[in-house]
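Beneath this line is the structure, given in structure tokens, with notes to follow.
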């Protein structure tokens, strides 16, 4: 069996080397023959192809392409070269150098608006942050940035990777119900991307989740499914990494199931593959599992040798999250050898590392083993303390709600289950009808057959209608879910970027004034104070919009209509915004004739403030903004017109939809979040009205909105 397996590895590696060689040769030919950008792009493609297998060649090609991009001032190519250099050092586990290249690439990628690349960069930065520091909060911040940019660019493959990584964080923290949600998200995005390797990875991490909570048979089933998919992929591309990690986990789960010989077989296969692929991380894990197997066989000295090597490798690659389980295993072996102080020392190190990284499963194990050692030593107080801590953590991990519910995970992927149930019902009805027909008299046989035929037709149309209605309901539900996700992402984006950036600018100006106030003349002081005022005003408007929008989303904002004169509210808004208009040299004119309205004055004030602010923002010096209004039997229509930059027909369709995230800078570079028009639309709709725009690029825009006269007081 082992001989056949070795032959298979050699065969797959031969295929891999053949494919790699052909790819390398063809790209090298392009590099030799091409010139200019084509040559640089070929260098980068070859560097990416060699990123895992040949560090020296890959880094040389990427560095050369970077210098070429700088020389011709091709910023997009420069950002890509920096990204690939980061990847090359990432796979070499030179994480500090990789981070430096990634952050440099982010700066340029933002300038050229390469959202797809930004999503990938933030994913790798978050992954390095977790590996090097274990700082889960900062890691999740980076992952949220990746989700934001990947969603904009429809980069489903990266979204799948981010969600699976977030799953692992929740798994480590024993938030298993939350972890399940991210498994599902990862699966859906990998499916959209048509990424078989991602789907195989989802099966793998599902097994990890089952293993963590002690569902070992279910974990084994998930690992075997993942192994099957990875072997299919390896047969095509010769890459054995996925096969190796599945074999590692199958070894671990068979240890728990007390199948020691089977565990040894899987472990030997995995270790051989990791050594072939020169994966230090994989080798360290296989040696750790091998040490545990030898420990179970009573071969303690051999087990310690494997553990020493595993820990040495983990330290060299800074595998922080892997330290705790190694130290716990040291503690177990020293306990068996009756070296109790060494056992306690090792277990306390493992416990400290687990606590620092919030690894509940390893915290529980360390407490369990420490309780056993202190019990053997007769120190029952400490034994009781550690045992109590073990039981407390075990209760949170192995509760019936968080374990048994996981057995329903596969149901999330069985989308066709409803259709199969319908078919089953149809078959049952057919059998019932046939049974009845046998009991009828011969003279009614033909009538029974006819009735049966009619019933089948009726049932066909009935189930067709039910299925169609279910599909319509599902489409509506998916659309609503997309809107909710877009709303959430927009809210996070505004808080993380649009709100934070102006505050940083404001703090910078205040700090500048604080540190250098004695060095500035009166004119410089005035300019800084004006800048502080403008920045504070921008923050206030954005924060005000955020609060109003948040209240509308949580249904806490109620409409309170009252009677008042429309022109009075318009005058108030114009007065509020007059300084902004004067600073840009813009005139605001108001149509004056008395019209009474019955509306929520605060909401109407907010609608007008946002529309007129936008008109000022997108108008040029010397332009005029006009506010007009009219009233008929059923409604009042108010219009805000400008002669500014205008909006294209394509962009008009994106307005008022938060999921489209449409916003552009003003004529003086004023920033916008796109939230103001969303608020206007929601407030107008609370008045049983509607909002629309007429615009043409270069010829200005007119925003109209209506207020129904049929409103009644609450």
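The values are calculated or read from the model by the stated rules, or taken from the named source; none is laboratory data. As the structure is a prediction and not an experimental result, all values here were calculated from the model. Neighbour counts are summed over all protein chains in view; Cβ atoms, including those assigned to glycine, are modelled from backbone coordinates with ideal geometry.
Would you mind finding the one in 118, 82 that is part of a helix (DSSP H, G or I) and within 27 Å of residue 321 (Cβ to Cβ)?
118
For region 334-352, filtering for residues that are assigned to a helix (DSSP H, G or I) and surrounded by fewer than 23 Cβ atoms within 10 Å (Cβ to Cβ) leaves 11. For region 308-323, the candidate set comprises residues that are within 29 Å of the chain's Cα centre (by Cα) and assigned to a helix (DSSP H, G or I); within that set, the residue that is farthest from residue 362 (Cα to Cα) is 314. Only residues that are under 22 Å from residue 211 (Cβ atoms) and either in a loop (DSSP other than H, G, I, E, B) or out of contact with any helix residue (DSSP H, G or I) (no Cβ under 8 Å at 6 or more places or on another chain) (or both): list them for region 353-373, please. Residues satisfying the conditions are 357, 358, 359. In summary, residue 137 fulfils each of the numbered conditions (1) modelled with pLDDT under 90; (2) in a helix (DSSP H, G or I); (3) closer than 28 Å to residue 251 by Cβ with the single exception of condition (3).
Conditions (1) surrounded by 19 or more Cβ atoms within 10 Å (Cβ to Cβ); (2) touching a strand residue (DSSP E or B) at 6+ places or on another chain (Cβ under 8 Å); (3) in contact (Cβ under 8 Å) with a residue 40 or more places away in the chain; (4) farther than 29 Å from residue 133 by Cα, marked per residue:
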| residue | (1), (2), (3), (4) |
| --- | --- |
| 219 | yes, no, no, no |
| 228 | no, no, no, yes |
| 234 | yes, no, yes, yes |
| 245 | yes, no, yes, no |
| 258 | no, no, no, yes |
| 266 | yes, no, no, yes |
| 287 | yes, no, no, no |
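Anything in region 117-136 that is surrounded by 17 or more Cβ atoms within 10 Å (Cβ to Cβ) and either farther than 21 Å from residue 63 by Cα or over 15 Å from the mean Cα position of the chain (by Cα) (or both)? List them, or say none. Listed by number, the residues that qualify are 119, 122, 123, 126, 127, 128, 129, 130, 131, 134, 136. Within region 574-591, can one find any residue that is at pLDDT 80 or above and outside the structural domain of residue 670 (by TED's automatic domain parsing)? No; the residues of region 574-591 include none that is at pLDDT 80 or above and outside the structural domain of residue 670 (by TED's automatic domain parsing). The residue that is surrounded by the fewest Cβ atoms within 10 Å (Cβ to Cβ), counting only those in region 32-75 that are modelled with pLDDT of 90 or more and part of a loop (DSSP other than H, G, I, E, B), is 73. Here residue 95 passes the criteria (1) more than 29 Å from residue 320 (Cα to Cα); (2) in contact (Cβ under 8 Å) with a residue 40 or more places away in the chain except the one numbered (1).
Look at (1) within 37 Å of the chain's Cα centre (by Cα); (2) in contact (Cβ under 8 Å) with a residue 24 or more places away in the chain; (3) under 26 Å from residue 213 (Cβ atoms); (4) surrounded by fewer than 19 Cβ atoms within 10 Å (Cβ to Cβ) and you find that residue 280 fails only one, number (3). Here 610, 614, 602, 620 are screened, and the one residue that is over 34 Å from the mean Cα position of the chain (by Cα) and outside any loop (DSSP other than H, G, I, E, B) is 602.
Every test in (1) farther than 26 Å from residue 318 by Cα; (2) over 22 Å from the mean Cα position of the chain (by Cα); (3) free of Cβ contacts under 8 Å to residues at least 24 places away in the same chain; (4) assigned to a helix (DSSP H, G or I) is passed by residue 107 save one, and that test is (2). Across region 664-688, the number of residues qualifying as at pLDDT 75 or above, part of a loop (DSSP other than H, G, I, E, B) and surrounded by fewer than 20 Cβ atoms within 10 Å (Cβ to Cβ) comes to 8. For region 531-551, does any single residue satisfy the condition of being touching a strand residue (DSSP E or B) at 6+ places or on another chain (Cβ under 6 Å) and either at pLDDT 75 or above or loosely packed, with under 11 Cβ neighbours inside 10 Å (or both)? For region 531-551, residues touching a strand residue (DSSP E or B) at 6+ places or on another chain (Cβ under 6 Å) and either at pLDDT 75 or above or loosely packed, with under 11 Cβ neighbours inside 10 Å (or both): absent.
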